[in-house]
Amino acid sequence: MEKDYYSVLGIERSATADEIKKAYRKIAMQYHPDKNPGNKVAEEKFKAATEAYDVLSNAEKKYQYDQFGTNGFQGGGRSYGDEFFEGDLNDLFQDSPFSSFFGGGKRTRRASNYGEDLRIRIKLNLKEIALGTEKKVKVKRHTSCETCGGNGAENGLAIEKCGACKGHGVVRKTTQTMLGNMLTESVCNSCGGAGSRVKTPCSDCRGEGRKFIEDLITFQVPKGVRKNMELTLRGKGNVPLRGGMPGSLIVQIEEEEDDLLKREGNNICYTLHVSFIDATLGCEMEVPTIYGKVRLKIPPGTTCGEVLKLKGKGVPDVNSYSKKGDQLVFVQIWTPQELTKEEKDILLSLRDSPNFIPKPNKKEESFFERIKSFFQG
Ligand SMILES: [Zn+2]
Ligand SMILES: [Zn+2]
């Protein structure tokens, strides 16, 4: 059905942003459910105005609506609920009787129904980081009591309406001031705003609606995570007292140092020791990578400090698995520390051989420049 958001708010199609806001504020204050508990008509009016304001206060949505109406409108108004307009309402209801409901204080209903977040750290080795892994952790946390379903009442049933506020969660008080009678509203002290009270507490959780247990939590760690990154497991934090939304379990990543493979961004650095004979003649050597051992060709005439690349043997990018780092193999020429008489004689016989006298190529990049260019490329 086609809706006319402008007439819902009682404004002209030419209304300015400020006029739209004012019109909504007026309706919202009049029909707000907190002011009209149980009044279905008021609730409908509030919802309709909220939907209209959601569209008309957003330049992009308003443009679409003006062009195509609600029929052609994709992804219409946001639903009216606890999470609605977290930021905007503060501003909208400032200096109004409702400011207390949306203010940053403890009285915000939404906040009081959320349990605390919990934090843990896990250590991952390079292989787990590169391949992604499933982890199981034991966390001591408050979970919902199964006996009462979390409301803290015996069998989940023995709940009664709070007498102090008649189930509204708020109490109104008339105070006399110099300017006449003032009506003020505040959250009910007897029930903390819940509007209900536990008649007979659940014997299993002694009325708390939750239990402190050691919970085994299983979760997936995506590929490519880094040190200090945080994974948020929604709903795995503490359950609040007597029901509500559980907080999150925040998992902070730590990296286990590997003896051979060093992570540098998404690249892996490895130092390979090669005898000067193998470096001179060329050979094939086995090199460890995160993905297992691979054979690497050392070309004849490889110099000390040369960097050989094993493409795609690095860590996948956490944002795009198709992008993967490389393994950089830094060649170190091994100089023998001890020699037998025989070995020494052979080397001595080669000492003055022309090919063994260093003739560095000036055009060749220096060792340090080459390393630098690898990390920049
Ligand atoms: Zn219980
Ligand atoms: Zn109450």
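Could you please give the count of residues in region 12-32 that are open to solvent by less than 30 Å² (accessible area, probe 1.4 Å) and in a loop (DSSP other than H, G, I, E, B)?
2
Could you check region 166-210 and list, in sequence order, the residues that are out of contact with any strand residue (DSSP E or B) (no Cβ under 9 Å at 6 or more places or on another chain) and away from ligand 2 (no atom under 12 Å from the Cβ)?
Matches in region 166-210: Thr177, Met178, Leu179, Gly180, Ser203, Arg206.
Filter region 191-224 for residues that are open to solvent by less than 20 Å² (accessible area, probe 1.4 Å) and in contact with a Phe, Trp or Tyr (Cβ under 8 Å, 6 or more places away or on another chain) and give the result.
Result: Gly224, single match.
Condition check: surrounded by fewer than 12 Cβ atoms within 10 Å (Cβ to Cβ) and of a type in the set (Val, Ile, Thr). Does Ile277 satisfy that?
Details: surrounded by fewer than 12 Cβ atoms within 10 Å (Cβ to Cβ): yes; of a type in the set (Val, Ile, Thr): yes.
So Ile277 passes the test.
Taking the condition closer than 30 Å to Glu214 by Cα and either more than 16 Å from ligand 1 (Cβ to nearest atom) or not in a helix (DSSP H, G or I) (or both), does Cys165 pass? Before the answer, list the steps.
Values: closer than 30 Å to Glu214 by Cα: no; either more than 16 Å from ligand 1 (Cβ to nearest atom) or not in a helix (DSSP H, G or I) (or both): yes.
The answer is no for Cys165.
In this structure, is Gly247 within 30 Å of His168 (Cβ to Cβ), within 16 Å of ligand 2 (Cβ to nearest atom), within 32 Å of the chain's Cα centre (by Cα) and open to solvent by less than 70 Å² (accessible area, probe 1.4 Å)?
Answer is no for this residue.
Select from region 36-52 the residues that are free of Cβ contacts under 8 Å to residues at least 12 places away in the same chain and part of a loop (DSSP other than H, G, I, E, B) and list them in ascending order.
Asn36, Gly38, Asn39 - these are the residues of region 36-52 that are free of Cβ contacts under 8 Å to residues at least 12 places away in the same chain and part of a loop (DSSP other than H, G, I, E, B).
Do we find a residue being closer than 30 Å to Arg226 by Cβ and crowded, with 17+ Cβ neighbours inside 10 Å anywhere in region 140-150? Before the answer, list the steps.
First, the residues of region 140-150 that are closer than 30 Å to Arg226 by Cβ: 140-141.
Filter once more, keeping what is crowded, with 17+ Cβ neighbours inside 10 Å: 141.
So far as region 140-150 goes, yes, one or more of its residues are closer than 30 Å to Arg226 by Cβ and crowded, with 17+ Cβ neighbours inside 10 Å.
Spot the failing condition for Asn155; the list is (1) assigned to a loop (DSSP other than H, G, I, E, B); (2) over 30 Å from the mean Cα position of the chain (by Cα); (3) within 15 Å of ligand 1 (Cβ to nearest atom); (4) loosely packed, with under 15 Cβ neighbours inside 10 Å, and only one is missed.
(1) is the only condition that Asn155 fails.
What strands (runs of 3 or more DSSP E) completely inside region 183-234 contain at least 1 residues that are away from ligand 1 (no atom under 16 Å from the Cβ) and under 25 Å from Asn125 (Cα atoms)? Outline the logic, then answer.
Values: elements: 196-198, 210-221, 230-233.
Those strands (runs of 3 or more DSSP E) span 210-221, 230-233.
Tell me the residue from Asp66, Asp95 that is modelled with pLDDT under 70 and open to solvent by 20 Å² or more (accessible area, probe 1.4 Å), please.
Asp95
Residues are listed down the side, and each one gets a yes or a no for (1) assigned to a helix (DSSP H, G or I); (2) modelled with pLDDT under 95; (3) within 30 Å of Thr133 (Cα to Cα):
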| site | (1), (2), (3) |
| --- | --- |
| Tyr270 | no, no, yes |
| Glu284 | no, no, no |
| Lys297 | no, no, no |
| Gly301 | no, yes, no |
| Gly305 | no, yes, no |
| Lys309 | no, no, yes |
| Lys313 | no, no, yes |
| Lys323 | no, yes, yes |
| Phe330 | no, no, yes |
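The values are calculated or read from the model by the stated rules, or taken from the named source; none is laboratory data. Just so you know, these numbers come straight off a predicted model, no measurement behind them. Neighbour counts are summed over all protein chains in view; Cβ atoms, including those assigned to glycine, are modelled from backbone coordinates with ideal geometry. For the accessible areas, the whole protein counts, side chains as well, though only heavy atoms, and no ligand, DNA or RNA atoms are used. Shrake-Rupley method; radii C 1.70, N 1.55, O 1.52, S 1.80 Å.
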